[in-house]
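Beneath this line is the structure, given in structure tokens, with notes to follow.
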Amino acid sequence: MSTTGVSAKVTLGEKTAEFPLLTGTLGQDVLDIRRIAADLDVFTFDPGYGETAACESKITFIDGEKGVLLHRGYPIEQLAERATFPEVAYLLLYGELPDKAKSAEFEQVIKSHTLLHEQIRNFFNGFRRDAHPMAIMCGTVGGLSAFYHDGIDISNEASRELSALRLIAKIPTIAAWAYKYTVGEPFVYPRNDLTYAENFLSMMFAKPSEPYVVNPVLARAMDRILILHADHEQNASTSTVRLAGSTGANPFACIAAGIAALWGPAHGGANEAVLKMLAEIGHRDNIPAFIEKVKDKNSGVRLMGFGHRVYKNFDPRAKIMQATCHEVLNELGIKDDPLLDLAVELERIAVEDEYFVKRKLYPNVDFYSGIILKAMGIPTSMFTVLFAVARTTGWISQWKEMIEEPGQRIGRPRQLYTGSPRRDIPASL
Ligand code: ACO
């Protein structure tokens, strides 16, 4: 970052302070208010952090007004078309796309870490069979910190890198086993002859009793879904990982914190919520009444898969997801899918409706991802888990960047206290 030479002069009563305007490579300039408490004796109030840049980052850039998403400068459309998910993971971690040799070497390193310690198998048995797989993910990924703690030195670059590689490699195994556990099927071990996406599908769907051949169209779609969810700047779960990491906590525990934050329906749980919503609507005749309910502020109902904190034009990932959705449904011979029909009709009505147009609410990445995943045979409860598998690369890249930042300090927001003033406990109590 650099200064623009421009500053904002703020006068508060007797005091005056100047705050410099900083500029990055792209995007809006930011007002540097780091000295506001020292100079003016006040804090800023910004619930939800919508107006606050909490860190400097070189990983991902989003222009919500123009519908642009760049990872290390590369547009998401090009990455989804021309790169594989491990290549995108490499890009996020190291800053450059790998050449063919580096890409093969990276995949090989990832493959050498896909197995879980056999003791981790026992973790699964501690959960109820009907546990939500995100609960199993939170517990088991957090549990990894018990296996990788004493040997981890986050001040050491090689140690940080090893933690990142272990997480990227092991997360699909944990995710697939969470699924296998809840359906009562035997765990399927990772296969090093398969790609990252193929291996995930194999661990999800293979059974020891019969051969399993991965469908290349579905593997490519899975790879693309992973790419589209790999990172998204300082969203709620990434900020959670950074905040947890800022205390110097174990990186596996930090990723478990990110998984917890991702779980909510306003964030990663939205694709699951989209399918539930479509099932609830049931028939296209019920769409107008549903839309009316969404527009009624007292109903508490939102159109799931619509709207985004940052994208106020369109979500570029949603376009790619829509195309992938058609590829998958074609490949699987699914014609006239009632859910897809409903989704298309809902989108058509919503994008023309003044309520949504006025508020710049467009379909987000989750609107179509749920339909693709359902068509692939992935149960609804696993949708957010898949998101966590992909986002682990973004989380750990952001965690690494934060730890490596000179002068990195603990994250500690302030508050506007509105509780009781000081009082004494009455003698009668
Ligand atoms: N349906 C109906 N109305 C909506 C929706 C929606 N999905 N989203 C926003 N609005 C309305 C709000 O009621 C508000 O209206 P008002 O100005 O009349 O009060 C206005 O649009 C602005 O909404 P905010 O809540 O201030 O927008 P914010 O940026 O905070 O919320 C969010 C973004 C949480 C994603 C929201 O749009 C939402 O809840 N969407 C549905 C859930 C969803 O799809 N989440 C996935 C996000 S993408 C991701 O995590 C990968």
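The values are calculated or read from the model by the stated rules, or taken from the named source; none is laboratory data. All figures in this text were calculated on a predicted structure; none of them were measured in a lab. Virtual Cβ from ideal backbone geometry, glycine too; neighbours counted across all protein chains shown. Note: areas computed on protein heavy atoms with side chains; ligands, DNA, RNA excluded. Shrake-Rupley method; radii C 1.70, N 1.55, O 1.52, S 1.80 Å.
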Around ALA169, with a cut-off of 11 angstrom between Cβ atoms, what is the net charge of the other residues, counting Lys and Arg +1 and Asp and Glu -1?
+2
Under a 10 Å cutoff between Cα atoms, tell me which one of LEU243, LEU12, LEU115 has the largest fluctuation in the Gaussian network model of the chain.
LEU12
Stokes-Einstein at 25 °C, 0.890 mPa s, Kirkwood radius from Cα pairs: D for the chain in µm² s⁻¹?
105 µm²/s
Roughly how many Å is it from the Cα centre of the range 12-83 to that of the range 381-406, as a whole number?
20 Å
Quick one: putting +1 on the C-beta of Lys and Arg, -1 on the C-beta of Asp and Glu, what dipole do you get for the chain around its Cα centre, in Debye to the nearest 20?
780 debye
For the pair ASN122 and ASP39, the simple spin-label estimate (label points 7 Å beyond Cα toward Cβ) gives in nm 5.8 nm
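Could you tell me the relative contact order of the chain? Use alpha-carbon pairs under 8 Å, at least six residues apart, and round to a whole percent.
Values: 578 pairs, mean separation 84.2, N = 429.
20 percent.
Quick check: from the Cα gyration tensor, does the range 248-390 come out rounded (a/c under 1.5), prolate or oblate?
oblate
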Please identify every one of the chymotrypsin sites (Phe, Trp or Tyr not before Pro) in the range 13-65 that sits in a loop by DSSP and has no more than 13 other beta carbons within 10 Å of its own beta carbon.
PHE43, PHE45
Say R0 is 35 Å: what FRET efficiency, to the nearest 0.05, do THR23 and LYS360 get from their beta-carbon distance?
0.85
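Contact order normalised by length for the range 94-170, with contacts defined as Cα pairs under 8 Å and 6 or more residues apart; what percent is it? It would help to have the intermediate numbers written out before the result.
Numbers: 27 pairs, mean separation 36.1, N = 77.
Result for the range 94-170 is 47 percent.
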Computed over the chain, protein heavy atoms only, probe 1.4 angstrom, the accessible area per residue in square angstrom equals 51 Å²
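Can you compute the charge dipole magnitude of the range 146-292 about its Cα centre, using +1 on each Lys and Arg Cβ and -1 on each Asp and Glu Cβ, nothing else charged? Give it in debye, rounded to the nearest 20. Before the final figure, lay out each step's value.
Values: 11 positive and 15 negative charges, 34 e Å.
Magnitude of the dipole: close to 160 debye.
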Whole-percent carbon and sulfur share, accessible surface of the chain, 1.4 Å:
53 percent
With a cut-off of 11 Å, note down the residues of the range 403-429 whose backbone N falls inside the zone around a label point 7 Å from the Cα of THR247 toward its beta carbon.
411
So for the chain, taking the charge dipole from beta-carbon charges (+1 Lys/Arg, -1 Asp/Glu), which of ALA158, ALA318, GLN415 sits furthest toward the positive end?
GLN415
Quick check for me: using +1 on Lys/Arg Cβ and -1 on Asp/Glu Cβ, what's the dipole size of the range 2-53 about its Cα centre, in debye to the nearest 20?
80 debye
Within straight-line cross-link reach of LYS293, aspartates and glutamates at Cα separation under 17 Å, skipping those fewer than 8 residues along the same chain:
GLU280, ASP285, GLU345, GLU347, GLU352, ASP353, GLU354
Report, in deg cm²/dmol and to the nearest 500, the calculated mean residue ellipticity at 222 nm for the chain, where each DSSP H run with n ≥ 4 adds -39500 (n - 2.57) and the sum is divided by the residue count.
-16000 deg cm²/dmol
Along the positive direction of the dipole of the range 79-405 (beta-carbon charges: Lys, Arg +1; Asp, Glu -1; about the Cα centre), which of TYR196, SER145, LEU116 reaches farthest?
SER145
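For an R0 of 45 angstrom, estimate the FRET efficiency from the Cβ-Cβ distance between GLU185 and TYR74 and round to the nearest 0.05. The partial results should precede the final answer.
Details: r = 39 Å, r/R0 = 0.86.
It comes out at approximately 0.70.
Calculate, in nm to one decimal, what ILE410 and GLU51 gain on full extension: separation in residues at 0.36 nm each, minus their alpha carbon distance.
Numbers: separation 359, 0.36 × 359 = 129.24 nm, distance 2.00 nm.
Result: 127.2 nm gained on full extension.
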